[in-house]
1. Considering segment 90-226, what Rg and Dmax in Å follow from its alpha-carbon atoms?
2. Looking at the P(r) of segment 159-259, how many percent of alpha-carbon pairs lie beyond 19 Å?
3. How much length is gained on full extension from Ala193 to Val214, taking 0.36 nm per residue of separation minus their Cα-Cα distance?
4. Between Arg111 and Asn131, take the C-beta separation as r, use R0 = 45 Å, and let me know the FRET efficiency to the nearest 0.05.
5. So how exposed is Asp84, as accessible area in Å² (1.4 Å probe, rounded to 10)?
6. Can you list the aspartates and glutamates whose alpha carbon sits under 12 Å from that of Lys280, skipping same-chain ones fewer than 8 residues off?
7. Working out 0.36 nm times the residue gap between Val204 and Lys67, then minus their Cα-Cα distance, what length gain in nm do you get to one decimal?
8. Provide the per residue accessible area, probe 1.4 Å, for segment 118-168, rounded to a whole number of square angstrom.
Amino acid sequence: MKTSPRLSSVWRARAVRYNQPCPLPLIVAGGAAFLPMKAIRTLAISVFTAFSAVVCAQEADTLRSDKVVANAQMIGVGAVSILDTYLSPEEYSGTELRYVSHTVRRREGRRWSRMLVHQGAVAYAGNRSGNGNEMSGAYTFTYGLHYNWDLLGGRLNVMAGGQAEVEAGFLYNTRNGNNPAQARLAFNIAPSAAAAYRFRLGRVPFEARYEAGVPLVGLMFSPNYGQSYYEIFSRGDYDHNAVPTTFVSAPSLRQMLTLDFTLGRTTLRLGYLGDFRQAKVNNLKYHTYSNMLLIGFVRHFKITRIVP
């Protein structure tokens, strides 16, 4: 059906009067108005083009990184042995519970990787006579930088480098009236190394991994022999309380052996953590020996950034 000449002239007159472009002509039939098929196709093409432009713009704003991240969340439970001669000459033995977040970041095709480890631990121990207890808590953050070698077609990864470690915590003795607690604050620089080997048993992929770090030099807080915290903080009597340490005065070792295996879409981790810390400074002796069983899960993913 064609548009009547009178109707078309009315539309043109209105467009000229208001200085507007002439709108699409309408077809009037039985009191209802319709757009012709050509106008409908033009409108549909315009909408589709605009939608495609928006989608393409969103895809262009999405930046896919080549950074591969391996993150393990673990819980450790095991035996702990604690000695702090500032609080007691006796050694206390008990149980430790520890949370470990272990992350390794590396770019594809690059040799260097970064390691970030967060650890939170609580322990409860008693003496041999059973009339005294000690409670401890600690948080440790480790940042490592390592050079990687990929061997045996990528099945074996060996990494070596160094790491910096900060530890803050406390130790409380329930028997002591004077000086019942001890603050712990330490910073260490340690050479470290790790090796991981991937293999299969049947259809199940496995990865065995071992890593170790030995503090070389550092700095720790310690009251001097016979010095109270009141003298340190209230009276301001400094007595060699910030003590430089080396592998001689504070020989220590942290090692971890783990086995990852994938079931379905979930990668689980079982392992052992040995954390042996000791120091002899200011005529005082400290040590904390921890042997723990680890259990957790592992995630491997890439980082994608969206630019607004």
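1. In order Rg, Dmax, the Cα atoms of segment 90-226 give 19.8, 62 Å.
2. Distances greater than 19 Å cover 60 percent of the Cα pairs.
3. Result for the pair: 6.6 nm of gain on full extension.
4. Once the sixth-power term is evaluated, E becomes 0.20.
5. Counting only protein heavy atoms, Asp84 exposes about 0 Å² to solvent.
6. Output for Lys280: Asp84.
7. 46.8 nm
8. 49 Å²
The values are calculated or read from the model by the stated rules, or taken from the named source; none is laboratory data. Just so it is clear, the structure is predicted and the values come from calculations on it, not from any experiment. Note that we place each Cβ from the backbone using ideal geometry, even for glycine, and neighbour counts take in every protein chain shown. Calculation scope for accessible area: heavy atoms of the full protein, side chains included, ligands and nucleic acids excluded. Shrake-Rupley method; radii C 1.70, N 1.55, O 1.52, S 1.80 Å.
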